[in-house]
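The values are calculated or read from the model by the stated rules, or taken from the named source; none is laboratory data. Just so you know, these numbers come straight off a predicted model, no measurement behind them. Glycine also receives a Cβ, built like all others from the backbone with ideal geometry; neighbour counts cover every protein chain displayed. To get the accessible areas, we keep the full protein, side chains included, count just its heavy atoms, and leave off ligands, DNA and RNA. Shrake-Rupley method; radii C 1.70, N 1.55, O 1.52, S 1.80 Å.
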Amino acid sequence: RGIYDAMNKGIDVASGEWINFMNGGDEFYDNKVIENIFKNCSYEDEYVIHGKVALIYKNDLIAYYGNTKIIPHQGAFFKTKIMKSLKFNTVYKIFADGECLSRMQKLEKYKSKFIDMVIANFELGGVGNHPKYFFKRLKEEIKIKNDQKLPFSFKWYILKLIDGFGYILYHLFGEIFYYKKF
């Protein structure tokens, strides 16, 4: 019943301390990622350990994405016991990961750790980032903000205007232009 239903099923059967979510086309940046993250560190208090992802389109590196505030799920490890208690809200088909992270960040003991390294290759072109789904994403994002009583900041409006401009560029110049230039 969708991506997030499948992810919830993965959460149900997960038995380790940490869980990472990769979608079709995504992969770890290299075979040392897990070793490099977890060597010499136990991360007892963190709910999320995260880094950057390499945005890949048709085998080309477009950019690196992620920082202390932006947590792409492909580049994050979530404490399994927290994910089992929260799970993804399958009402949302595109932004359930962002909605779940927002709920997680509201937990009293929430703590995350940013590691300045590339954790995963994130293949562009899916529902979550393809420009043709701009209006569906916008509708979900507004619903999440309303449901969680989150503010609509000036910065948020500017980002949505930029996203809308990208949507227009996609229709004028195509998908390759959009990902490589926008």
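For the chain, the longest stretch holding no GluC sites (Glu not before Pro) located in a DSSP loop with at most 13 other Cβ atoms within 10 Å is which? Between exposed loop sites, the widest span is 109-182. Under the criterion of Cα pairs below 8 Å and six or more residues apart, the relative contact order for region 94-182 equals 30 percent. Surface composition of the chain: carbon plus sulfur atoms contribute 56% of the solvent-accessible area (1.4 Å probe, protein chains only, all chains present).
Extension gain, ASP45 to ALA63: 0.36 nm times the residue separation minus the Cα-Cα distance gives 3.4 nm. Taking 0.36 nm per residue of separation and subtracting the current Cα-Cα distance, fully stretching the chain between LYS149 and ILE70 would add 26.4 nm.
Taken along the Cα-to-beta-carbon direction at a fixed 7 Å, the label points for TRP156 and LYS136 span 2.2 nm. Against the chain, whose longest principal axis is taken from its Cα atoms, helix 3-13 shows a tilt of about 0°.
For region 1-41, the solvent-accessible area works out to 66 Å² per residue, with a probe of 1.4 Å and every protein chain left in place.
Extension gain for the segment GLU27 to GLU108, taken as residue separation times 0.36 nm less the Cα-Cα distance, is 26.0 nm to one decimal. Looking at region 78-157, the chymotrypsin sites (Phe, Trp or Tyr not before Pro) that sit in a DSSP loop and have at most 16 other Cβ atoms within 10 Å of their own Cβ are TYR110, PHE152. Measuring against 22 Å, Cα to Cα, the residue pairs LYS93/LYS149; LYS39/LYS113; LYS93/LYS143; LYS155/LYS180; LYS81/LYS155 contain LYS155/LYS180; LYS81/LYS155 as the ones spanning a longer distance. Cross-link partners of LYS139 among aspartates and glutamates, defined as those whose alpha carbon lies under 14 angstrom from its own and excluding same-chain residues fewer than eight positions apart: GLU99, ASP147, ASP163. Taking trypsin sites (Lys or Arg not before Pro) as exposed when their DSSP state is a loop state and no more than 13 other Cβ atoms lie within 10 Å, the longest site-free interval of the chain runs over 112-148.
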